[in-house]
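Asks: The structure is given below, and queries will be raised subsequently.
Each value in this text was obtained by applying a stated rule to the coordinates, not by laboratory testing. Nothing here was measured: the structure is a model prediction, and the numbers come from that model. Cβ coordinates were reconstructed from backbone atoms using ideal geometry, including for glycine residues, and neighbour counts include every protein chain displayed.
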Protein chains: 2
Amino acid sequence: MPRSALERAEDSRYQQQLDRMLAAAAHCFNQKGFSGTSLKDVARRLGLTDAALYYYVRNKEELVYLCYVRAAEVGQEAMHRAVEDGTSGFDKVCRYLAYHVELMVGERGPFAIMSEIPALDDEHREDVLERSRKHSTAFEALIEEGIADGSIRQCDVRMTGNAIMGAINWIPKWYHGDPEVARNIVEEFPAILSAGLRPHPRN
Amino acid sequence: MPRSALERAEDSRYQQQLDRMLAAAAHCFNQKGFSGTSLKDVARRLGLTDAALYYYVRNKEELVYLCYVRAAEVGQEAMHRAVEDGTSGFDKVCRYLAYHVELMVGERGPFAIMSEIPALDDEHREDVLERSRKHSTAFEALIEEGIADGSIRQCDVRMTGNAIMGAINWIPKWYHGDPEVARNIVEEFPAILSAGLRPHPRN
DNA sequence: CAAAAATTTTAATTGCAATTAAAATTTGAG
DNA sequence: CTCAAATTTTAATTGCAATTAAAATTTTTG
């Protein structure tokens, strides 16, 4: 039977399998769509039986929820590192973008695109939405910081945040693991997304 | 019984109901997620019974498919108008963005976010993907035109296109019909998304 | 190496939303 | 007003994937 949350936390075998499972699920959801992937599909990728998944999650809803939490966490991690490492507001934005896309296309992935948030249970949905809101707010704060320190031009902070986050969030829709493409994303995306933020050079 | 495609084309009652239905379905899919919306949900929005929907579509899969086609069509329409009206490459890009977001938040909407393309039947999926590819290609052509005529700076055309289209495609995730927000999108988005494209002024 | 705990499988069950068929109602044309 | 076609409803059915329980296997521990 599954053990308590406390025991799980220190148990690396269980934790590792769960993590493999979430990556497998994310892969399936991105490739075949949410409604198109059955638990059997996810299990097959792990060399397991569908019933085995229930040792790790209560149900399919929780599987999706955990996928989304995992995706949210890497965004949070990227944000945190950017705030620590960055100098100006603009620099922090660039770093956040670089860190986040690196993680998105890195070995820890894939991460599920969050298309089924509204279908989650109440508490789970609220949790994911709150993480999402916090992330957006943190990103907007970077933009505001940049405006204040002159590294970013005047702009509608909310809309600018929505635009950039949308471009990021959409990546799993078209990036399917091709390493060539991954390199391209890492090299180009931060610059492309931050290019519009610089103040006009006065001349 | 449902009539032939030919008859339907000229029949406005049928056509109008189908269109209302697709808008209702798009609304539900965006609000409650795909797996979270049943045909009953869609029917309720129309004051109908779930079984009535089968007069208009063969099954739920076709309902989704038609939603996606509708969304693709407005993108195509915006692109077409932009190519007609625009002057430079940059101008065409700006116009396309303006036209498309206007349509997205306009009275014809809402339009479904295309999160379940992989779950479509083979022919339907191919059709939607082909429309999608054609649209991307057309957009990239605008960028290339801009680079050629000097209105857009050198950049990775593919990645730039992916970034901008991602920002656009993600809008239905956070825009839920608030007219205030709609105005903001229309006013800000084209400028925000095109700001990074201009060549550096030499000084 | 034996026993206990953890993990996975086998084999049902089940529950819900999609779908269908036939009947009822509404609409529109003449 | 009438009749035929179009549209919707009522009332089942059904099919599939999610879920469950118990048994089997594997891993860990002392």
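Asks: Do you know the relative contact order of chain A, to the nearest whole percent, from alpha carbon pairs under 8 angstrom that are 6+ apart? Display every interim value, and only then the final one.
Replies: Details: 198 pairs, mean separation 44.7, N = 203.
In percent, rounded to a whole number, it is 22.
Asks: Which one of B:78, B:163, B:25 has the biggest mean-square fluctuation once chain B is modelled by GNM with Cα springs under 10 Å?
Replies: Ranking B:78, B:163, B:25 by mean-square fluctuation puts B:163 first.
Asks: Once you wrap a convex hull around the alpha carbon atoms of the protein assembly as shown, what is its projected area averaged over all directions, in nm²? If you can, show how the numbers build up before the last one.
Replies: On the way: hull surface 90.8 nm².
About 22.7 nm², averaged over all directions.
Asks: Can I ask one more? Rounded to the nearest 500, what is chain B's calculated 222 nm mean residue ellipticity when only DSSP H runs of at least 4 contribute -39500 (n - 2.57) each, over all residues?
Replies: So the calculated ellipticity at 222 nm is -22500 deg cm²/dmol.
Asks: Oh, and also: Using Cα centres only, tell me the gap between the range B:138-178 and the range A:53-112 in whole Å.
Replies: Here the answer is 24 Å between Cα centres.
Asks: Next question, about the same structure. So what's the range A:16-72 giving for Rg/Rh, alpha carbon basis, Kirkwood Rh from the mean inverse pair distance?
Replies: Numbers: Rg = 9.9 Å, Rh = 10.9 Å.
Rounded to two decimals, Rg over Rh is 0.91.
Asks: Something else now. How big is the range B:1-117 by Rg and Dmax over its Cα atoms, in Å?
Replies: Rg and Dmax of the range B:1-117, Cα atoms, are 16.1, 51 Å.
Asks: Using the alpha-carbon atoms, what tilt in degrees (0 to 90, nearest 10) does helix A:89-105 show relative to the longest principal axis of chain A?
Replies: 30
Asks: Bin width 5 Å, alpha-carbon pairs only: give the P(r) of the range A:5-195 as whole percents, running from 0 to the bin holding the largest distance.
Replies: Using 5 Å bins, I get a P(r) of 1, 7, 15, 18, 18, 15, 11, 7, 4, 2, 0, 0 for the range A:5-195.
Asks: Quick check: the angle from helix A:12-32's long axis to the longest principal axis of chain A, C-alpha only, nearest 10 degrees?
Replies: 70
Asks: Angle check, please: helix B:60-85 long axis (alpha carbons) against the longest principal axis of chain B (alpha carbons), in degrees 0 to 90, nearest 10.
Replies: That works out to roughly 30 degrees.
Asks: Pick from A:94, A:67, A:155: which is most flexible by mean-square fluctuation in a GNM of chain A where alpha carbon atoms under 10 Å apart are linked?
Replies: Looking only at A:94, A:67, A:155, the largest GNM fluctuation is found for A:155.
Asks: Next question, about the same structure. For label points placed 7 Å from Cα toward Cβ, what is the shortest-first list of nm distances from residue A:133 to its copies?
Replies: Taking the point 7 Å beyond Cα along Cα→Cβ, the inter-copy spacings are 4.2 nm.
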